[in-house]
1. Have a look at segment 228-315 and give its Rg and Dmax from the Cα atoms, expressed in angstrom.
2. By what distance, in whole Å, do the Cα atoms of segment 181-241 stretch along each of the three principal axes, largest value first?
3. Rg and Dmax in Å for the chain, alpha carbons only: what are they?
4. Could you state the accessible area per residue of segment 127-192 in Å², with a 1.4 Å probe and every protein chain left in place?
5. Using Cα atoms only, what is the angle between the long axis of helix 214-224 and the major principal axis of the chain, expressed in degrees (0 to 90) to the nearest 10?
6. Under 12 Å between alpha carbons, and skipping anything fewer than 8 positions from Lys302 in its own chain: which aspartates and glutamates qualify?
7. What number results when the radius of gyration of segment 77-196, computed over Cα atoms, is divided by 2.2 N^0.38 Å?
8. Using a 1.4 Å probe on the protein chains only, how many percent of the accessible area of segment 27-69 belongs to carbon and sulfur?
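The values are calculated or read from the model by the stated rules, or taken from the named source; none is laboratory data. What you see is a predicted model; the values in this text were computed from it and never measured. Quick reminder, even Gly has a Cβ in these numbers, built from the backbone with ideal geometry, and neighbours come from all protein chains shown. Calculation scope for accessible area: heavy atoms of the full protein, side chains included, ligands and nucleic acids excluded. Shrake-Rupley method; radii C 1.70, N 1.55, O 1.52, S 1.80 Å.
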Amino acid sequence: MKAIVYRGKNTLQLEDKEIPTPKKGWSLIKSSHAGICGSDLNIYAGVHPRAEIGLTLGHEFSGYMASKDHPTIKEGAKVTVYPLLSCGECPTCKSGRTYICEHLGLLGIDQDGGMAEYATAENSVILPMPEDMPMDLGSVVEPVAVAVHAIRKGGYKPGDSALIFGCGTIGLCIAIALRHYGTTDITLVEANELRIKKAQSMGFKVVNALKDDVVAEAHKINNNIGPDVVFDCAGHPSVSSILTETPRVGGTIVLVAAYKHNAEVNLGQGMFRESKIQFVRVYTLEEYGIALDLTYNCSDFKEIITHILSVDEYQKGFDLLTSNTDAVKVLYNLDK
């Protein structure tokens, strides 16, 4: 089978691998679509702490059940996969919070993933998709689940206003999800002109981080009170340095992005404003199911998919996301 394989810093190869044999309690999936995530870009850059050379990438993917003996899903059914790997034995897992397992791993990072013609997953984390759901949308469920988790952990309430740093996949997923759930006061902040145009074309208000006074614009939100919730989906030092200035007094800051280096945050200011700071990581299995339903029922998520490539264009996908382009969500179509 064809597989996109990590072969070292800035090096990928399209290789012919053996079709994997599922472990006991696991099933084989015929991959359909797989998305490139920020984690995949870190692997490609050679800075991911766990990914090893020879890894098949991809933790955002959809496909078709290829095993005949799954206990509830029929062979040929459309599926998507909750990609987290939990140990089940650490104190955190035993407390029921398996999604933040102390030894948490992911398909496509800690073992071969979905950027191949076939992949395997544990039976309990394979979710059936609606029969009429497009396969490309099935591969977007994972970033939508990140958005669902961030919104829930951030304590969002109907009527709250929101400021979102970053018009990449996660920032737009949060914006779409909030709008779907009734939020009318949403502002995004972005420096990439092409992504600004993309977000504006989707009907969102966007502050240009290179031209506008971001803090001043944030203070105009919510009738000059400031946003109730601020989501940092950028993970950039220019954002962290102003984060505590942007929400309303008593507001909430949700740190969604993974910072690559230590960042400056004005904790004193956060204290004086009694801001809440919530860190988030991934999502629960329940939230993955919520995200599946949300992705299916909200057609706006289709708009974040800017490129669908064949697996033979494996290098182009990563080039699009490591240069100044209009790319947001790039998928590989493994059905071709």
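1. 17.3, 54
2. 28, 27, 19
3. 19.8, 60
4. Solvent-accessible surface per residue comes out at 30 Å².
5. Once rounded, the angle reads 80 degrees.
6. Cα-Cα hits under 12 Å: Asp136.
7. Numbers: Rg = 16.9 Å, N = 120, 2.2 N^0.38 = 13.6 Å.
With N residues counted in segment 77-196, Rg over 2.2 N^0.38 Å equals 1.24.
8. Values: 740 of 1430 Å².
So the carbon and sulfur contribution to the accessible surface is 51 percent.
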